[in-house]
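Student: Here it is: the structure, laid out below.
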Amino acid sequence: MNGYKIILKNDNYKFQVVFGGRLFSSDIGFTDDGTAYKRFWNKYGRPPAQIYQQYIIDRRDLLVPQNIREVKGSFFTPKIWADKSKEYLASVFGADWQDEYYVWDCAAGTGNLLAGLSNEYNVWASDVEQGNVETMQSLIDIDENLNLLSGHVFQFDFLNDSFDKLPEELKKIIDDPEKRKKLIVYINPPYAEAANNKKIQGKNGKKSVEKTLVGEKYENRLSHAKKELFAQFLMRIYLEIPDCKIAEFSTLKALQAPRFSTFRSVFLARLENCFIVPADTFENVKGQFPIGFKIWDTTIKEIFIKTSVDVFDKNGNSIGQRNYYSYDGGVKFINDWAQAFRKPFDVKYSIATLIGIANDFQQQNLTFFDRPYKKVIASNHNFQVTKDNLIESAIYYTVRHAIPADWLNDRDQFLYPNDNYKSDIEFQNDCLMNILFNNNIQSKDGINHWIPFTEKEVGAREKFESNFMSDFLKGRTLSAEATAVLNAGKELWKYYHATIKNNKTVSVNASYYDIREYFQGRKENGTMNTKSTDETYNDLIKILREALKVLAKKIEPAVYKYGFLRE
């Protein structure tokens, strides 16, 4: 392949490339007893067919071992999004932007993002890893899409090194106030986040990853955002290369996360354009959240409040636009609202514990009803449910579950509502009906207060220990959708009691959870089976779940109407 080789020598992989008639060689720093070497040639043969050669070059990022990429938070830019980002750069800066602007990728990796640029005299590429620098330099004469000058590719630790180490021409641009306005810092910085507890360390967080000179220097301006390497990159660019343009891939924390409010108060720039894509389209990213490509003009000092962004699916198809907000400026959240009806653990007559962690969609699965007096360690977002706060508890739970969590709403925050919900009795009853069949209450944990029917309605063989819920429902006018849910639930309860009528060992005080467990049973690992061998039960619970989905769709507009979410 035009003089460029990767060779295996004494169990060490090496680069070999010919420049000016001379042979240059460098270690990759990766050993595996030749396994990758054997697999490669078993698949491609010698030499690889022409149709494979460009693909192999394009995936040069895979030369960096996966564990190293993950630890450093380096998730290389897929070609589809690198190409899309250049379309957006042209839309903001004009068709001739490559001739009119300078470009510096200060977290270049192996050059994925820069492939396709045409004016090599205006482009610089640096990376913290010398191996990545050598890879880019080796590919300059091989990859027809990587137009770089060898002297413009250099090793540089952006979060620790002084700008005095920069190449002379790039340093002149940064030192010149007018030329800086024509500099685009074009990057996909690492996303590594510092762990703040042992559970996160070794999974998603990286211990001590935030300990950099930039992080220490701008600690007060970054605040909590210091834990994110991409935020450190953005802060140094903003403060030390004033008036430049920034074009960067990163999560939407800089726009949305409440803990980035201090960062946003310092990072004052106009967001000129943005598109978002699913994070799991990036190599080794498994989470369901958006990654955005954002173009900032730092000459215009603006506090970010709101933006409408273009949305693309995993195949690059446009699927519309979506609004995102900063939630700054004294905005109150749903857990602030819950403070008014939160009951402490010593409250009598508790019928459940409602647990609600944080205020966003990301924690949707951590919002649930459980047995009374259950404490959650290191969290104040749990409280007792009684007859006095049951309606508010039903609203709290329902608005956090009516809309499914997905990659687009991952960081959307649930907010303190307006007061109009208080006069909407139908909405309140819809939420109440929803929670009766969405809870983890079990009769083994104490008296079950969550049976919404009388003994006669379901044909129970004995009296229930509690008629709290059926009494609570008396006299309430229900919507057609809520009535459908209640009727479907009644048929399920009736079938359960008919099934256990002659079995004195099975409790009549079963909760919704107990009924599911009775019919579905459990696997060897202890988890509940998803279906039952009883087809009548399967049909009944399917009808109930479909009715719940219809009810949730009815509730959804009210979630926005009453201000629990912003559209």
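Student: Show the residues, 5+ positions off or on another chain, whose built amide H is closer than 5 Å to the amide H of Asn273.
Tutor: Ile295
Student: Let me ask something else. Roughly how big is the range 66-325's charge dipole about its Cα centre, with Cβ charges of +1 (Lys, Arg) and -1 (Asp, Glu), in debye to the nearest 20?
Tutor: Once rounded to the nearest 20, the dipole reads 1600 debye.
Student: What residues qualify as long-range amide H neighbours of Leu117, i.e. H under 5 Å apart, gap of 5 or more or another chain, H built at 1.01 Å from N?
Tutor: Asn147
Student: Per-residue HN-Hα couplings for the range 211-228, Karplus 6.51 cos²θ - 1.76 cosθ + 1.60 at θ = phi - 60°, whole Hz, x for Gly and Pro?
Tutor: So the Karplus estimates, Gly and Pro as x, are 7, 10, 5, 5, x, 6, 5, 10, 4, 5, 7, 8, 6, 4, 5, 4, 5, 9 Hz.
Student: Listed highest first by mean packing, meaning other Cβ atoms within 10 Å per residue, what order do 263-276, 222-235 come in?
Tutor: Values: 263-276: 18.5, 222-235: 23.6.
Put in order of decreasing packing, that is 222-235, 263-276.
Student: Which of rounded, prolate or oblate describes the range 278-340 when judged by the alpha-carbon gyration tensor and an a/c cut-off of 1.5?
Tutor: Details: a/c = 2.28, a/b = 1.35, b/c = 1.69.
Since a/c reaches 1.5 but b/c is at least a/b, the shape of the range 278-340 is classed as oblate.
Student: Something else about it: Would you please put 136-143, 304-311 in order of how densely packed they are, using the mean number of other Cβ atoms within 10 angstrom per residue and starting with the highest? Before the final figure, lay out each step's value.
Tutor: On the way: 136-143: 20.2, 304-311: 16.8.
Going by the mean number of other Cβ atoms within 10 Å, highest first, we get 136-143, 304-311.
Student: Could I ask something else about it? For the range 263-329 and the range 112-189, write down the distance between their C-alpha centroids in whole Å.
Tutor: 24
Student: Cβ neighbours within 10 Å, averaged per peptide: list 250-258, 213-221 in order, most packed at the top. If you can, show how the numbers build up before the last one.
Tutor: Numbers: 250-258: 21.4, 213-221: 16.3.
Ranking the peptides 250-258, 213-221 by packing returns 250-258, 213-221.
Student: Under the rule of at least 5 residues apart or a separate chain, name every residue whose amide H is placed under 5 Å from the amide H of Thr77.
Tutor: Residues meeting the criterion, in which the H sits 1.01 Å from N, are Leu113.
Student: Moving to a separate point now. Rounded to the nearest 20 debye, what is the charge dipole size of the range 332-567 about its Cα centre when +1 sits on each Lys and Arg Cβ and -1 on each Asp and Glu Cβ? Write out the running numbers ahead of the final one.
Tutor: Numbers: 32 positive and 30 negative charges, 98 e Å.
I would put it at about 460 debye.
Student: Can you classify the range 66-325 as rounded, prolate or oblate using the Cα gyration tensor, where a ≥ b ≥ c are the square roots of its eigenvalues, rounded means a/c under 1.5, and otherwise it's prolate if a/b beats b/c and oblate if not? Walk me through the numbers on the way to the answer.
Tutor: Numbers: a/c = 1.21, a/b = 1.16, b/c = 1.04.
Verdict is rounded for the range 66-325.
Quick note: the coordinates plus some simple rules give every number you see, no bench work behind them. The structure presented is a predicted model; accordingly, all values stated were derived computationally and were not measured. Ideal geometry is used to build each Cβ from the backbone, glycine not excepted, and the neighbour counts take in all protein chains shown.
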